[in-house]
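Single-structure report; data block below.
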Amino acid sequence: MTRWTTQHAIEALRWVLGLVLLWASCQLLWAMIVKMQAATGSGHIGPHVWILLGLASVEIVAAIMFLAPVVNVAGSYLLLGVIAFAILFHLLQGQFDFGALLVYASAVTVWLAHRREAQAGARDER
């Protein structure tokens with residue numbers, strides 16, 4: 001692969017990952033809002049709903065930051081933190097199907113590594 005192809009492939013990975021995570025977190029946020037509205041009549045909303053509401057909100061912010069050119073590194077680290085918390089939440093709930101979260105974390109790590117490598121190469125050329 002040429003340098004140009006690699007750079008564009010990694011950039012495409014960043015955009016696809018960012019949009020997928022943004023879409024999934026918006027769906028989760030919407031589902032939690034609907035669940036809260038439905039539970040208003042019964043008077044009890046479990047703590048897991050509040051945790052998922054917060055997690056989805058932070059993930060939306062992190063995904064937007066990940067896609068924004070100025071704050072994408074901070075968004076990357078925030079996404080890694082959110083994904084780690086989501087894996088922990090899955091484990092505590094007894095759900096062991098978090099393979100997609102590991103793929104997301106790996107893709108964020110690949111993008112961070114590529115970005116650092118590109119910056120190191122730019123410094124060496126000066």
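The residues in segment 17-41 that are modelled with pLDDT under 90 and either part of a helix (DSSP H, G or I) or under 27 Å from GLY75 (Cβ atoms) (or both) can be counted, and the count is 5. Can you find even one residue in segment 42-65 that is closer than 23 Å to ALA113 by Cα and in a loop (DSSP other than H, G, I, E, B)? No, every residue in segment 42-65 fails to be closer than 23 Å to ALA113 by Cα and in a loop (DSSP other than H, G, I, E, B).
Scanning segment 1-36 for residues that are closer than 17 Å to GLY54 by Cβ and more than 13 Å from the chain's Cα centre (by Cα) yields a total of 9.
Taken over segment 89-104, the criterion of being at pLDDT 95 or above and either touching a Pro at 6+ places or on another chain (Cβ under 8 Å) or within 15 Å of VAL58 (Cβ to Cβ) (or both) is satisfied by LEU101, TYR104.
The values are calculated or read from the model by the stated rules, or taken from the named source; none is laboratory data. Keep in mind that what you see is a predicted model, and the values were worked out from it rather than measured. Note that each Cβ is placed from the backbone with ideal geometry, even for glycine, and that neighbours are counted across all protein chains shown.
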